[in-house]
1. Quick check: with the 1.4 Å probe, what order do Lys40, Lys192 take by accessible area, largest first?
2. By how many nm would the segment from Asp151 to Ser296 grow when fully extended, if each residue of separation counts as 0.36 nm and the alpha-carbon distance is taken off?
3. So what's the gap between the Cα centers of the stretch 11-61 and the stretch 146-163, to the nearest angstrom?
4. Calculated FRET efficiency, Leu386 and Lys133, Cβ-Cβ r, R0 60 Å, to nearest 0.05?
5. Hey, any idea what Rg/Rh is for the stretch 1-96, computing Rh the Kirkwood way over Cα pairs?
6. Normalised radius of gyration for the stretch 176-267, please: alpha carbon Rg relative to 2.2 N^0.38 Å, two decimal places.
7. Can you give me the solvent accessible area of Met244 with a 1.4 Å probe, rounded to the nearest 10 Å²?
8. Amide H to amide H under 5 Å from Ser338: which residues, 5+ apart in sequence or cross-chain, H placed 1.01 Å off N in plane?
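The values are calculated or read from the model by the stated rules, or taken from the named source; none is laboratory data. No experiment lies behind these values; they were computed from the predicted model shown. Here Cβ is always computed from backbone atoms with ideal geometry, including for glycine, and neighbour counts include all displayed protein chains. Remember, those area values only see protein heavy atoms, side chains included, never the ligands or the DNA or RNA. Shrake-Rupley method; radii C 1.70, N 1.55, O 1.52, S 1.80 Å.
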Amino acid sequence: MTVDPKHIHISEYNYPLPDERIAKFPIAQRDHSKLLIYNKGEVGEDVFYHLPKYLPEGALMVFNNTKVIQARMHFRKETGALIEVFLLEPAEPTDYEQMFQTTGHCAWYCLVGNLKKWKEGTLLRQCERFTIKATRGEMHGTSHRIDFEWDAPVSFAEIIDAMGELPIPPYLNRETQESDKTTYQTVYSKIKGSVAAPTAGLHFTPEVLADLDAHGIDREELTLHVGAGTFKPVKSEEIEGHEMHTEFISVRRDTIDKLIRHGGRAIAVGTTSVRTLESLYYMGIKVMQNPDLTESQLHVAQWEPYEGVKSDGVKSEESLQALANWMDAHHLDVLHSSTQIIIAPGCDYKIVKMLVTNFHQPQSTLLLLVSAFVKGDWHKIYDYALSHDFRFLSYGDSSLLIP
């Protein structure tokens, strides 16, 4: 009997997570975290730096190279009220790379903390090298457009480095510390834009990456900028009522070639890599059906894998080849688009064959993604982790899942 994913009850994806099992800080050596190994139904454990020996030689491993930005900005009104402006996604310019290079003025869609105290007017903050002004604009979903203006020849990247704060996950229940600036970034992070780390990657060190190379594992990077919606709890009883957040992806033409050479199969590091890779499959199907689509029209909507795109047995390498041909026809070296995909039981994985991931919150869309991957066997994995002293969530331990 196939489940209609829209009618999955999120309450079936609950488990007891005591606060003391949530890792508030990372361990001293990131690659010494525990590694749970789920291999075709069998569960065992090891340490993370032994990961390469569990992977098949010649396989392709895909990493998300996004970099977390200091997205929390604080302004104080003349009345003394503290207003937090949390950067979500660029409004003007909309391109991330251009945004961080811009000088003088830009606009973002932001969450505003203590909004009731900011009825009108602009907020000012004086820093050592510049004065910045924030003006509130119209609503955009649950966020507001905020226009920023500053008076010095510095880029917006320099502005947030000077006055922003790294946004660690809310469930850590603590203030950001200086150490988080290092520990909450992957060692291969490059492209600024995320408001949360792709945490499966936090366990990798230069030594583990070198060991992957020594074991004949091919490595490739893509970019998905993680949005704050990744922490958004599912409030509706059935997941049909949960709206997935949109996230922006960037994939090089060379990466698609490499995926095709590997038979359209990959080992994903983290759920963000999963969402990007699986979205590429549906983008390929879309251009097979309509080669005149624009980059933004390749956006994968939330329920598209279940009802919008009829793939009818199209293999992953065929779909990826169609996407590669479409990029060539449009003279694109890099694909910039977005995805809102929800991966839940009932969704067949097309590209990802193994997954490295942390342990996720109860009743979260990430737990649905894991359940879909291991064909509903997530209880066995989480029961083992809970009974064998694994640490949970962003700074917690890791797992290798082989369905």
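1. The ordering from most to least exposed comes out as Lys40, Lys192.
2. Extending this stretch completely gives an extra 48.8 nm.
3. 39
4. My answer for the efficiency is 0.75.
5. Radius of gyration relative to Kirkwood radius: 1.09.
6. Compared with the compact-globule rule of thumb, the stretch 176-267 sits at 1.34.
7. Roll a 1.4 Å probe over it and Met244 shows about 10 Å².
8. Residues meeting the amide H criterion: Ile249, His299, Val300.
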